[in-house]
Amino acid sequence: MLTSIVGINWGDEGKGRMVDLLSEQQDIVCRYQGGNNAGHTVVNERGKFILNLLPSGILRPNVVNVMGNGMVIDLLHLYSEIGRLRAAGIEISPANLKISDRACITMPYNVIFDRLEEWRLADHAYGSTGRGIAPAYGDKYMKKSIRTGDIFYPDALKESLKALIEYKNLTVRSLYGNLLADTETARVKLGRDSEGNYYFDRFIKGGELSFDAMSAWLDEMSEYFHDYIVDTGVYLTNALSEGKRIMFEAQLGALRDIDFGIYPFTSSSSTIAAYGPIGAGIPGEQLDYTLGIMKAYSSCVGAGPFTVEMFGDEAEVLRAAGGEYGAATGRPRRVGGFDAVASRYGVRVQGADELAFTKLDILSYMDKIPVCVAYDINGKITTDFPVGEALNVAKPVYEYLDGWKCDISGCRKPSDLPANARKYISWCEDAVGCKIRYVSVGAERDAYIDMDIDE
Ligand code: GDP
């Protein structure tokens, strides 16, 4: 049985908590794309956890977690994340964590290039999280990646690393030489790794990337992760034949997908459910069930078109109510009302069978709740999600639904909800054309309603 949990919007929909909730019924949870650029927040009886790389199933003792070939993995970041969780009492070992031998490693030079490029672009920067994701995927498609399985052949690995560093240093010298010459600023701009070391101090020698430093980094990581790296395709195929239940956990949402999202303000990977089996290592398998996570209002991190954006006090109040500050970076998120145009598109490209509607409790303070029903593109009204410049100039067309103006965080069944909250849910359900199965009304594990159960 293959289940997928994916984001319908721009990410930060609350996927982590739904995976945490539904992982109870799973044997295996897989991440299949992205890297440590996103953060999933999970609150349960053991505490509050922010997961950047590890699948959310890591918080369940009986779940095996897979990091698939579709990911780009900063091994040092993973090392630090494992350390943090272990300190909180979570057990992590090769028995419950399996890393694909075909995943690409996000190397320190990928992070360095990411930060150098944002620095070079200055006012035109993409708003990258600076965690090396785009350069790591760029290398993947340029066929210049180091993959996790390469660590089993250290001599060949060193040869490729040498050639890669030579190649990278051509760009470092020609494109970023001036920036790196300002050593004090470069130190700050390149920042620190997850263990607090300055990238500049550790990896830049004589204005260039140091092969020796990169090689030493790989040696340390190879030793630590040696026993975690396996052929996850074989592992998952065997698990399926034993009748195991597998869940794919996406990072980010449909509108950040490299093909279907708000390009170029997208992630560099496929956030789409259909990519799950490919990115985990079982490309021949088909999904049995896809649950889309859709937020009761909108939020968006970083630059790019965001049609329903609120400004001023209206935005401040919603941002504060929803705690809309990035889990990975702490950046304030842009916020707005529910966008039916973007969400319907998200439901379609994700192929969602059912939806979880999250953070409904956040809207409890509103008298009238704005919902975007269409886009006005230079005077032409459309309900189809546009692309390119049409999206950049789109203006929202709003309707307003009545608020419920009371605390709903204690509601646990549909009939506990005030009538206007139920109306809001069914309005959104109709607007996107997909059944809302779950409604979440708080961050805690049990703060949700199964709309099919009213007892
Ligand atoms: P993800 O990346 O999709 O997992 O989303 P994030 O973890 O970035 O954002 C979700 C945030 O909202 C986290 O802080 C969750 O603990 C919190 N959260 C999730 N669902 C609810 C909900 O129904 N109500 C409230 N108040 N908070 C929620």
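Please list, ordered by first then second residue, the pairs with beta carbon atoms under 6 Å, 6 or more apart or interchain, first in the stretch 143-166 and within 14 Å of PHE225 (Cα to Cα), second of a type in the set (D, E, K, R).
Within 6 Å, the pairs are ARG147/ARG102; THR148/ASP101; GLY149/ASP101.
Assess whether VAL43 counts as being open to solvent by less than 10 Å² (accessible area, probe 1.4 Å) and among the β-branched types (Val, Ile, Thr).
Criteria not met by VAL43.
Working only within the stretch 422-455, note down all residues that are more than 16 Å from the ligand (Cβ to nearest atom), part of a loop (DSSP other than H, G, I, E, B) and in contact with a Lys or Arg (Cβ under 8 Å, 6 or more places away or on another chain).
If the condition is that a residue be more than 16 Å from the ligand (Cβ to nearest atom), part of a loop (DSSP other than H, G, I, E, B) and in contact with a Lys or Arg (Cβ under 8 Å, 6 or more places away or on another chain), then GLY433, ASP452, ILE453, ASP454, GLU455 are the ones that fit.
Of the conditions (1) at positive phi; (2) within 16 Å of the ligand (Cβ to nearest atom); (3) not polar (S, T, N, Q), GLY281 fails just one. Which one is it?
(2)
When you check SER174 against the structure, is it among the small types (Gly, Ala, Ser), at negative phi and open to solvent by 60 Å² or more (accessible area, probe 1.4 Å), yes or no?
Yes, satisfied.
In the stretch 22-39, what count of residues is obtained for those that are modelled with pLDDT of 80 or more and either out of contact with any Lys or Arg (no Cβ under 6 Å at 6 or more places or on another chain) or β-branched (Val, Ile, Thr) (or both)?
11
Looking for whichever is of a type outside the set (A, V, I, L, M, F, W, C) and either touching a residue at least 60 places away in the same chain (Cβ under 8 Å) or closer than 22 Å to THR41 by Cβ (or both) here; the options are GLU91, GLU118. Which one fits?
GLU91
Which condition number does LEU53 fail, the rest of (1) surrounded by 24 or more Cβ atoms within 10 Å (Cβ to Cβ); (2) more than 9 Å from the ligand (Cβ to nearest atom); (3) modelled with pLDDT under 95 being met?
LEU53 satisfies all of (1) surrounded by 24 or more Cβ atoms within 10 Å (Cβ to Cβ); (2) more than 9 Å from the ligand (Cβ to nearest atom); (3) modelled with pLDDT under 95 except (3).
When you go through TYR375, TYR400 one by one, which is the residue that is part of a strand (DSSP E or B), exposed (fewer than 15 other Cβ atoms within 10 Å of the Cβ) and among the aromatic types (Phe, Trp, Tyr)?
After ruling out the rest, the residue left standing is TYR400.
Based on this model, can you work out whether GLU354 counts as closer than 19 Å to SER440 by Cβ and surrounded by fewer than 18 Cβ atoms within 10 Å (Cβ to Cβ)?
Here the answer is yes, as GLU354 does meet what is asked.
Against the conditions (1) touching a residue at least 24 places away in the same chain (Cβ under 8 Å); (2) more than 20 Å from the chain's Cα centre (by Cα); (3) surrounded by fewer than 17 Cβ atoms within 10 Å (Cβ to Cβ); (4) not in a helix (DSSP H, G or I), where does ILE381 fall short? Just the number, please.
The one condition ILE381 does not meet is (1).
Which of the residues belonging to the stretch 357-372 are of a type in the set (A, V, I, L, M, F, W, C), within 16 Å of the ligand (Cβ to nearest atom) and open to solvent by less than 10 Å² (accessible area, probe 1.4 Å)?
Correct list: PHE357, LEU360, LEU363, ILE369.
Go through (1) assigned to a helix (DSSP H, G or I); (2) crowded, with 18+ Cβ neighbours inside 10 Å; (3) acidic (Asp, Glu) for GLU220 and report which single condition fails.
Unmet for GLU220, out of (1) assigned to a helix (DSSP H, G or I); (2) crowded, with 18+ Cβ neighbours inside 10 Å; (3) acidic (Asp, Glu): (2).
Within the stretch 93-106, is there a residue that is of a type in the set (Val, Ile, Thr), part of a loop (DSSP other than H, G, I, E, B), over 19 Å from MET214 (Cβ atoms) and open to solvent by less than 10 Å² (accessible area, probe 1.4 Å)?
no
Please indicate, with yes or no, whether at least one residue in the stretch 3-19 is closer than 16 Å to GLN350 by Cα and over 15 Å from the mean Cα position of the chain (by Cα).
Taking every residue of the stretch 3-19 in turn, at least one turns out to be closer than 16 Å to GLN350 by Cα and over 15 Å from the mean Cα position of the chain (by Cα).
Go through (1) in a loop (DSSP other than H, G, I, E, B); (2) on the phi < 0 side of the Ramachandran plot one by one and return the number of the condition CYS30 breaks.
Only one criterion in (1) in a loop (DSSP other than H, G, I, E, B); (2) on the phi < 0 side of the Ramachandran plot is unmet by CYS30, namely (1).
Please enumerate the residues belonging to the stretch 286-343 that are over 21 Å from the mean Cα position of the chain (by Cα), away from the ligand (no atom under 11 Å from the Cβ) and in a helix (DSSP H, G or I).
Result: GLY312, ASP313, GLU314, ALA315, GLU316, VAL317, LEU318, ALA320, ALA340, VAL341.
Mind listing whichever residues of the stretch 127-144 are over 19 Å from TYR79 (Cβ atoms), in a loop (DSSP other than H, G, I, E, B) and at pLDDT 95 or above?
MET142, LYS143, LYS144 - these are the residues of the stretch 127-144 that are over 19 Å from TYR79 (Cβ atoms), in a loop (DSSP other than H, G, I, E, B) and at pLDDT 95 or above.
If I ask for residues that are part of a strand (DSSP E or B), at pLDDT 95 or above and among the aliphatic types (A, V, I, L, M), which ones from the stretch 234-256 would you list?
Listed by number, the residues that qualify are ILE246, MET247.
I'm checking my understanding of the structure. Among residues of the stretch 122-136 that are open to solvent by 40 Å² or more (accessible area, probe 1.4 Å) and of a type in the set (A, V, I, L, M, F, W, C), which one is farthest from ASP227 (Cα to Cα)?
Result: ALA122.
Per-residue answers, yes or no, for (1) within 14 Å of the ligand (Cβ to nearest atom); (2) under 29 Å from ALA216 (Cβ atoms); (3) in contact with a Cys (Cβ under 6 Å, 6 or more places away or on another chain):
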residue: VAL19; (1), (2), (3): yes, no, no
residue: ASN36; (1), (2), (3): yes, yes, no
residue: LEU76; (1), (2), (3): no, yes, no
residue: TYR79; (1), (2), (3): no, yes, no
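The values are calculated or read from the model by the stated rules, or taken from the named source; none is laboratory data. Model, not experiment: these values are computed from the prediction. Neighbour counts run over all protein chains shown; Cβ positions are idealised from the backbone, glycine included. The protein model used for the area step is the full one, side chains on, heavy atoms only, and it has no ligands, DNA or RNA in it. Shrake-Rupley method; radii C 1.70, N 1.55, O 1.52, S 1.80 Å.
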